[in-house]
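Derivation of every value follows stated rules applied to the coordinates shown; laboratory data play no part. Keep in mind the model is a prediction, meaning the values are calculated, not measured. With ideal geometry, Cβ positions are generated from the backbone for all residues, glycine too; neighbour counts draw on all protein chains shown.
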Amino acid sequence: MKNNLKKLEIFLQQKLPNVSGNLVLEQLWGGYSNLTYLLKFGHQEFVLRRPPLAVSLATAHDVGREFYTLSCLCKFYQYVPRPILFCEDLSIIGAPFFIMERVKGLILRNKVPPGTQLTPEVMGKLSIAFIDKLVELHAIDYQAAGLTALGRPQGYIERQIKGWIQQYKVAAIDSIPEMEQVAQWLQKNICNESGYALLHNDYKFDNLVLNAENPEQIISVLDWEMATLGDPLLDLGTSLGYWTEASDPPILKSFGLTSLPGSFERQQLVDQYQQKSNRHIDNSVFYYVYGLFKIGVITQQLYRSYQKGSASGLRFANLIDVVAAIAHQARCSLEKNRISNLH
């Protein structure tokens, strides 16, 4: 990116109104998804999203699709950053990218930000807001929003189960018997579809921007690269998969800060979702185990990239242990037939 800074500066000066001066670029968060950069022209700030430099997961990282999603969705859902422009000219930075507004606020990752007070009261209110914004997203008329091109919702659950199992078989390096057992269980226990909605597909704390002065308030939802159409309860399942509780193994708590005192337990999240959405959930274990398995497969894919030399760093080297822990968590949920208080 830095090697193409001047090209990007000239391009944006031509495309963006009232932009002048030198461009300053700063990577905001590497993660494993599309890369995010803060762009500064004096007091003006924008955000750039581009595909990762090395890691490539099937069907992910399509920034054009993400820009399309934001462009349609911003008229119907106030919690998305405003998209500004999309560029597929590879001569600018060597990859397609898009520009969107910068939403300033607080993002919770796996450590409490300095100066932030995440009291039990704050975490309880944030848990409610977390579900409320997901329910609101699932209530959007995706046809009216012009988002029908995102996918074919009918048969979504069966396709997801088969697809993630196949992806695991391709990505698996070390044998993890519990992952294989969970895969077999999912295949034999596919739920009937509860309905169709727009799904975020990666809805979790570190994809939310919070009000820095009032952290129980969600300002914006980020990272729409995996948005699609399908059964909303699978979207909830993915969120449950990332939501750890106080009694969960420490290795899983690297997912975020959801185990802090005052946070809802997973079953409480399900109860809140049912109450606000009027959707009945009679098999929360299926959706939670699906979420865990999906996250396990993604983690396995990242670990395989590390093993093949296309990704480096300690955060990749330890991912196989995370996969094993996720698989064990899923087995515990199946054996106890519940999603909370598993340890």
For the range 1-141, what Kirkwood radius comes out of the mean inverse Cα-Cα distance, in Å?
17.1 Å
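With the cut-off at 18 Å, tell me which of the pairs K7/K104; K169/K336; K133/K204; K6/K40; K75/K104; K15/K75 have Cα atoms farther apart than that.
Working: K7/K104 26 Å; K169/K336 27 Å; K133/K204 11 Å; K6/K40 13 Å; K75/K104 20 Å; K15/K75 23 Å.
Pairs exceeding the cut-off: K7/K104; K169/K336; K75/K104; K15/K75.
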What order, most packed first, do the peptides 175-187, 252-264, 82-94 have when packing is the mean number of other Cβ atoms within 10 Å of each residue?
252-264, 175-187, 82-94
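Let me spell out the model: positive unit charges on the Cβ of Lys and Arg, negative unit charges on the Cβ of Asp and Glu, origin at the Cα centre of the range 41-134. What dipole size does that give, in debye rounded to 20? Mind dumping the intermediate values first?
Numbers: 11 positive and 8 negative charges, 50 e Å.
The calculation lands at about 240 debye.
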Residue-averaged 222 nm ellipticity for the chain, from DSSP H runs of 4+ at -39500 (n - 2.57), nearest 500:
-13000 deg cm²/dmol
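Can you give the Rg to Rh ratio of the range 148-268, both from alpha-carbon atoms, with Rh computed by the Kirkwood formula? Don't skip to the end; give the middle numbers.
Numbers: Rg = 16.4 Å, Rh = 16.5 Å.
That ratio is 0.99, to two decimals.
Taking the Cβ of G195 as the centre, find all other residues whose Cβ is under 12 Å away and add up their charges (Lys, Arg: +1; Asp, Glu: -1). Could you put the intermediate results ahead of the total?
Details: positive: R279; negative: E193, D231, D235.
Summing Lys and Arg as +1 and Asp and Glu as -1 gives -2.
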Provide, for q = 0.20, 0.21, 0.27 Å⁻¹, the log10 of I(q)/I(0) from a solvent-free Debye sum over equal Cα point scatterers in the range 263-343.
-0.87, -0.92, -1.19
For K253, go through the aspartates and glutamates and keep the ones whose alpha-carbon is under 12 Å away, minus same-chain ones fewer than eight residues off.
E245
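Using the Kyte-Doolittle scale, find the helices of the chain whose mean hydropathy is at least -0.5 and whose Cα atoms extend 20 Å or more along the helix's long axis, counting only whole DSSP H runs. Show your work: numbers first, answer last.
Details: long enough: 120-138 (28 Å, 0.58); 156-171 (22 Å, -0.67); 284-307 (34 Å, 0.26); 319-336 (26 Å, 0.66).
Both cut-offs are met by 120-138, 284-307, 319-336.
Expressed as a rounded percentage, what relative contact order does the range 258-343 have, with Cα pairs under 8 Å and six or more residues apart? List each step's numbers first, then the result.
On the way: 61 pairs, mean separation 29.1, N = 86.
Reported relative contact order: 34 percent.
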What are the radius of gyration and Dmax of the range 56-129, computed over its Cα atoms and given in Å?
16.9, 50
Pair-distance profile P(r), taking every C-alpha pair of the range 187-342, with 10 angstrom steps and integer %:
10, 37, 38, 14, 1
Pick from L48, L35, L12: which residue has the top mean-square fluctuation in a GNM of the chain where Cα pairs under 10 Å get a spring?
L12
Report the relative contact order of the chain, percent, no decimals, based on alpha-carbon pairs under 8 angstrom and at least 6 residues apart.
18 percent
Which listed residue (I173, V103, S71) has the Cα farthest towards the positive end of the charge dipole for the chain, taking +1 on Lys and Arg C-beta and -1 on Asp and Glu C-beta about the Cα centre?
I173
Restricting to lysines and to Cα separations under 21 Å from K162, and discarding same-chain partners fewer than 8 apart, the set is K188, K294
So, for the Cα atoms of the range 99-218, Rg and Dmax in Å stand at 18.8, 48
